[in-house]
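The values are calculated or read from the model by the stated rules, or taken from the named source; none is laboratory data. Remember, it's a predicted structure, so these values are computed and weren't measured experimentally. Don't worry about glycine lacking a Cβ; one is built from the backbone with ideal geometry, like all the others, and counts go over all protein chains shown. Only protein heavy atoms, including side chains, enter the accessible area calculation; ligands, DNA and RNA are left aside. Shrake-Rupley method; radii C 1.70, N 1.55, O 1.52, S 1.80 Å.
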Amino acid sequence: MPYRDRIASLKRTDIFRELSDEELLRFSSTLQERTYPPNTAIVREGTPGNAMFIMVGGKVEIRRRDPRSDFDVTIASLDPGACFGEISGDPSSATVVTVASTKVLVLKKNDFDLLLNEHHALSVSLSRIVAEHIAEIKNRELPGTTPLDTLRLDEAVMECVPEQLVLRYRILPVSYANNKITLAVVDPHDVTGIDNIKRAVNQKYPKVFFDLVIITESDFTKFINGEYKALINSQKEEFLDIESFVDSMEHIQSDILKEFAFDEVSDDDVGIPDIEKEAEGAPIIKLANSIIAMALKKGASDIHMEPMEREVRVRFRIDGDLVEEMVLPKKIQLPLTSRMKIISRLDIAERRLPQDGRITIKVGKKSIDFRVSTVPARFGERVCTRILDKSNTRLGLDKLITHLPVRRLVEGMIRMPYGIIYVTGPTGSGKTTTLYSSLAEINDIRKNIFTVEDPIEYDLKGINQVQVNHDIGLDFARVLRAFLRQDPDVILVGETRDAETAKIAVEAALTGHLVFTTVHANDAPGTFMRLIEMGIEPFLISSSVIGVIAQRLVRKVCEKCKETYHDLSATEYLGLPPDTELCRGKGCNACGYTGYKGRVGVYEVLAVNEEVMRLVSSGAETLAVREAAIRSGMIDLREYCLILLKGGVISVDEVLRTVLMQNGASAH
């Protein structure tokens, strides 16, 4: 930040505006500029104070530990123009946490001391200002009672704590914002009650922060007897209607666990017949069904059942992120694992080797596949269940690729008579959905289409699908050779993972077939170097490749709680106009208070032209290929992300987390 901007910022602060321009110039030369992301502790209570922070942008909260309840209480919130911190060397009197992305100017103790020694006139003013500011912060008292009717009330948050606990401890969770739950308490020193309420809240909102407001007992009683019961009754949510599935685990988990009466035992102490009997028992069936039902309700793509030393952790992958759903007693581990094996037709007696199986269920008119994988781990078998919604195969490219010019480029590529199209991206980035949607676009009774996969994830009507079987030598290369004798028009290879498969796929493309496949590469231009490393001749690559599609999946901002805002530091970093309107989700019941709902693809499509072909055939570096592709009009991952950002589809945080960190070469 230029000095003139720093001086302007200092003049906007209450405590420094009385200094002259000359004094401000000397003062600003010692300041360091920093930016902190949301939910970051800039200063922690009790740590030695060695710096003062002057806010330029953002918002922070000052929190202090109540020594009687050992609970953090918010005593103030600060906006740009405010100052905080201590440079006396004494322990900090409070914790300062960012609520939003916050930019500050930092005055360190060493710089402050040096400034005072060199400029005596300035030292008198600064010493008085800093001393008054520190005294003001230290003299702030913990807040008194807050009228309950002045608080923002969120019915969904209230629902997450059973009524009996609310009445017993006289503590009510009232709202959720910025990953923080506000608790309204009558007695702030009831440590046991606060801990029990926090534990209940964490069942639905894991890893949140907690804030405390104190209310009067009369306010609490009046609210409980009036609005509270009406609000709770109006928010009773009807759970997913799935035949043979039970109600949500949130309502039945405690009842299920009471039914388990078998003792704690080790793997070696339990016989197979005993485990099978327990796995077929009503409590275990109910528990397994409930976990699957909850995963479907919450839109999870994967279920992870992970044995720990003393417990079993269940996590769901929702919109790309793993979320802890529940922690179960260790004694449930064996029967629950066996139940998942039984319904996916796996061998419950085999616990030493990995196994793979499948489950298919009907949900209304939809058919959903569950791909089950078990792996022996340190504390028992780990079970991962992938949820495959067959309706995704009928999405169509128009639903996947939202940017029209890029979609038309892909549609042109997949309608070429021959050649090879590579799709690249990390695991879980939607490559399979893109491949299947492309096949669905060109699937025609006049075309002979084959796929070789490991495993077959979706059943595609009218398409010949083959699953590899390494145990009998049926690998990708062998199936590909067989395909070439079956008069194919289009071939899909699930993954190009070795040189032999890559060479056969290239040969197929050069002999009049359209080939789709995936390969591991960081981006579209890097795919060519990856193929060269696998042993494919550069001139064969340049002659056979139609194009490369690199993709990622990013989380969409929730439409229900979307809000717009402006952030000059973010737009400057991303190279956008300062007045660009950005979007983010505040968090609501529809998105599970994450601010995100669903995901959208980010695509980098490289169509091979004469210049790219010449560079590839000569073995040029990836950077040269990238520059040539961009000159030809290629929209890279970063640019595609910015298109979605400007369209209000995704947030700045998601751009930084998903694309720029992986594609840093194009970040500036």
* **Pairs with Cβ under 9 Å, 6+ apart, first in region 1-25 and assigned to a loop (DSSP other than H, G, I, E, B), second open to solvent by 60 Å² or more (accessible area, probe 1.4 Å) and at pLDDT below 70** => 15/132
* Scope region 481-491; condition open to solvent by 40 Å² or more (accessible area, probe 1.4 Å) and in a loop (DSSP other than H, G, I, E, B); matching residues -> 484, 485, 486, 487, 489
* To do: Can you give me the number of residues within region 492-528 that are assigned to a loop (DSSP other than H, G, I, E, B) and either open to solvent by less than 10 Å² (accessible area, probe 1.4 Å) or hydroxyl-bearing (Ser, Thr, Tyr) (or both)?
  => 5
* Residue that is most open to solvent (accessible area, probe 1.4 Å), among those in region 150-183 that are more than 22 Å from the chain's Cα centre (by Cα) and among the basic types (Lys, Arg) -> 168
* To do: Return the total of residues in region 423-477 being of a type in the set (Gly, Ala, Ser), in contact (Cβ under 8 Å) with a residue 40 or more places away in the chain and not in a helix (DSSP H, G or I).
  => 4
* Asked: For region 285-301, does any single residue satisfy the condition of being part of a strand (DSSP E or B) and at pLDDT 80 or above?
  -> yes
* **Test: residue in region 422-439 that is closer than 24 Å to residue 464 by Cα and open to solvent by 60 Å² or more (accessible area, probe 1.4 Å)** => no
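One line per residue, one yes/no per condition, for (1) in contact (Cβ under 8 Å) with a residue 12 or more places away in the chain; (2) of a type in the set (Val, Ile, Thr); (3) open to solvent by less than 50 Å² (accessible area, probe 1.4 Å); (4) under 25 Å from residue 598 (Cβ atoms):
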| residue | (1), (2), (3), (4) |
| --- | --- |
| 307 | yes, no, yes, no |
| 328 | yes, no, yes, no |
| 342 | yes, yes, yes, no |
| 352 | yes, no, no, no |
| 379 | yes, no, no, no |
| 383 | yes, yes, yes, no |
| 387 | yes, yes, yes, yes |
* Return the residue satisfying two criteria in turn: it lies in region 194-247 and is out of contact with any helix residue (DSSP H, G or I) (no Cβ under 6 Å at 6 or more places or on another chain), within 22 Å of residue 324 (Cα to Cα) and at pLDDT below 55, and of such residues it is most open to solvent (accessible area, probe 1.4 Å). => 237
* To do: Hey, can you tell me all the residues within region 444-480 that are in contact with a helix residue (DSSP H, G or I) (Cβ under 9 Å, 6 or more places away or on another chain), modelled with pLDDT under 85, crowded, with 16+ Cβ neighbours inside 10 Å and farther than 21 Å from residue 507 by Cα?
  => 454, 457, 458, 460
* **residue 604 vs. criteria among the acidic types (Asp, Glu) and surrounded by 15 or more Cβ atoms within 10 Å (Cβ to Cβ)** => yes
* So, in region 85-104, of the ones that are part of a strand (DSSP E or B) and of a type in the set (D, E, K, R), which residue ends up surrounded by the most Cβ atoms within 10 Å (Cβ to Cβ)? -> 86
* Asked: Since residue 543 meets every condition but one in (1) open to solvent by 10 Å² or more (accessible area, probe 1.4 Å); (2) in contact with a Phe, Trp or Tyr (Cβ under 9 Å, 6 or more places away or on another chain), which condition does it not meet?
  -> (2)
* Structure fact -> Restricting region 563-592 to residues that are at pLDDT below 90, of a type in the set (Gly, Ala, Ser) and open to solvent by 20 Å² or more (accessible area, probe 1.4 Å), the one nearest to residue 640 (Cα to Cα) turns out to be 575
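Rundown of residues vs (1) open to solvent by 50 Å² or more (accessible area, probe 1.4 Å); (2) in contact with a helix residue (DSSP H, G or I) (Cβ under 9 Å, 6 or more places away or on another chain); (3) modelled with pLDDT under 80, yes/no style:
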| site | (1), (2), (3) |
| --- | --- |
| 126 | no, yes, yes |
| 129 | no, no, yes |
| 134 | no, no, yes |
| 138 | yes, no, yes |
| 185 | no, yes, no |
* Asked: Of the residues 150, 74, 98, 146, which single one is of a type in the set (Val, Ile, Thr), within 29 Å of residue 202 (Cα to Cα) and modelled with pLDDT of 80 or more?
  -> 98
* Asked: Considering region 618-642 alone, what residues qualify as being within 20 Å of the chain's Cα centre (by Cα) and either open to solvent by 10 Å² or more (accessible area, probe 1.4 Å) or modelled with pLDDT under 90 (or both)?
  -> 638
* Looking only at region 404-413, decide whether some residue is open to solvent by 50 Å² or more (accessible area, probe 1.4 Å), in contact (Cβ under 8 Å) with a residue 12 or more places away in the chain and under 23 Å from residue 536 (Cβ atoms). => no
* Asked: Would a scan of region 576-588 turn up a residue that is touching a Phe, Trp or Tyr at 6+ places or on another chain (Cβ under 6 Å), touching a residue at least 24 places away in the same chain (Cβ under 8 Å) and within 30 Å of residue 538 (Cα to Cα)?
  -> no
* Structure fact -> Exactly one of 318, 285, 343 is in contact with a Lys or Arg (Cβ under 8 Å, 6 or more places away or on another chain), more than 18 Å from residue 202 (Cβ to Cβ) and of a type in the set (A, V, I, L, M, F, W, C), and that residue is 285
* Asked: Which ones in region 36-50 are modelled with pLDDT of 85 or more and surrounded by 16 or more Cβ atoms within 10 Å (Cβ to Cβ)?
  -> 36, 42, 43
* Out of all the residues in region 369-381, is one or more modelled with pLDDT under 90, assigned to a helix (DSSP H, G or I) and out of contact with any Leu (no Cβ under 7 Å at 6 or more places or on another chain)? -> no
